[in-house]
Amino acid sequence: MTTSGLSRAKYKNAFVKSAIILFWLLVWQGIYLHVGRPILVVSPMTTLTRIMELVVTPVFWLTVRGTTTRVIQGVLYAFSFGCVLAVLTKRFAFLKMLFEPILGMFRAMPSASIIILALVWLPTFRIPIFIVFLVVTPIIWANIYEGLGTVDVKLLEVSKIFKWNFWKKCRYVYMPHLAPFVASALSTAFGQGFRTAIGSEVIARPPNSLGRMIYDSRIYFQTVNLFAWTIAVLAVSVFIVKVTTKLLNIASDKLAGATNEEEADGDEVQQSG
């Protein structure tokens, strides 16, 4: 496709997305006019005005930072534990049999039940981190476990022939093959992590949290704040997921390039053998 063709496709895609957003804003405005009670539904313009008022206050950014930090902590803990667990369960079949029912239980168990139990065990500010960890760990484990099964046998043979150390084997054998699975896992994990964290914050109400702001807006019948904070949650979660996905895709492409080079070396070694 030519440069002009790419530009037209880009503008067309942007136009379609803008039209879709406009359509749903009109639907929202129509619902607002039909209901006619701002205590139940506020207009898009009123919500936008309130968001613009909130974003210039320190409280808004402290709240966003608080929730985002908890989500990142929970995902990082889950990633570390999930990777180790995936390696161990791939290496030892009895460990997979041992942990798989627990991971399945974490997938199926309602978050609200865990949150209520966590209220007894943990300080409120740690509850969202704990819940995100529990919810995200099975996602990380499943993706890494699957990725370990795709490692190229030829590259493993190359690593043995050249007697690569552990770190070089990780760099040129495992990391390139696992990169797409890690990217997929983390993209899903951050999206799921935000939804889970907000739900736990609504119940636990830790300080400086988006969930607490949403809960307080409901309690005090501040519908415009409820809409504004909800949209803030959506915007922050989408931004984090998109940035994470972009960075991980870049890293994945670079590692894939390294894999191709090593595969070529492996073919040359086999041919010379």
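The values are calculated or read from the model by the stated rules, or taken from the named source; none is laboratory data. For clarity, every value in this text was computed on a predicted model and none was experimentally measured. No Cβ is skipped: glycine too gets one built from the backbone with ideal geometry, and neighbour counts run over all protein chains shown. With ligands, DNA and RNA removed, areas are computed over all heavy atoms of the protein, side chains included. Shrake-Rupley method; radii C 1.70, N 1.55, O 1.52, S 1.80 Å.
Pair-distance distribution P(r) for the range 108-167, from all Cα-Cα distances in 5 Å bins starting at 0: 4, 14, 16, 13, 10, 9, 8, 8, 8, 8, 3, 0 percent. For the range 31-107, the average shadow cast by the Cα convex hull is 8.8 nm², which is a quarter of the hull's surface. Listed cross-link partners 90/168; 160/254; 10/90; 17/90 are compared with a 32 Å cut-off, the Cα-Cα value being larger for 10/90; 17/90. Over the Cα atoms of the range 1-158, Rg to Rh with Kirkwood Rh, two decimal places? Rg/Rh: 1.14. At most 10 other C-beta atoms within 10 Å and a DSSP loop state: those are the exposed chymotrypsin sites (Phe, Trp or Tyr not before Pro) I care about. Give me the longest piece of the chain that has none. Result, exposed sites excluded: 1-219. Accessible area per residue (1.4 Å probe, heavy atoms of protein chains only) ranks 175, 109, 45 as 45, 175, 109, with the largest value leading.
What a 1.4 Å probe finds exposed on the range 52-175 is 71% carbon and sulfur by accessible area, rounded to a whole percent.
Taking label positions 7 Å along the Cα-Cβ direction at both residue 175 and residue 113, the computed distance is 4.1 nm, reported to one decimal. Let me check I've understood the local charge: for residue 211, count other residues with C-beta under 12 angstrom from its C-beta, Lys and Arg +1, Asp and Glu -1. What total comes out? Taking every Cβ under 12 Å from that of residue 211, the sum is +3. For the chain, the mean residue ellipticity at 222 nm estimated from helices alone is -29000 deg cm²/dmol, where every DSSP H run of n ≥ 4 contributes -39500 (n - 2.57) and the total is divided by all residues, rounded to the nearest 500. The C-alpha radius of gyration of the chain, expressed as a fraction of 2.2 N^0.38 Å, stands at 1.27. In summary, the range 172-230 shows an alpha-carbon radius of gyration equal to 1.66 times the 2.2 N^0.38 Å reference for compact globular proteins. Solvent-accessible surface of the chain, averaged per residue with a 1.4 angstrom probe and all protein chains in place: 60 square angstrom.
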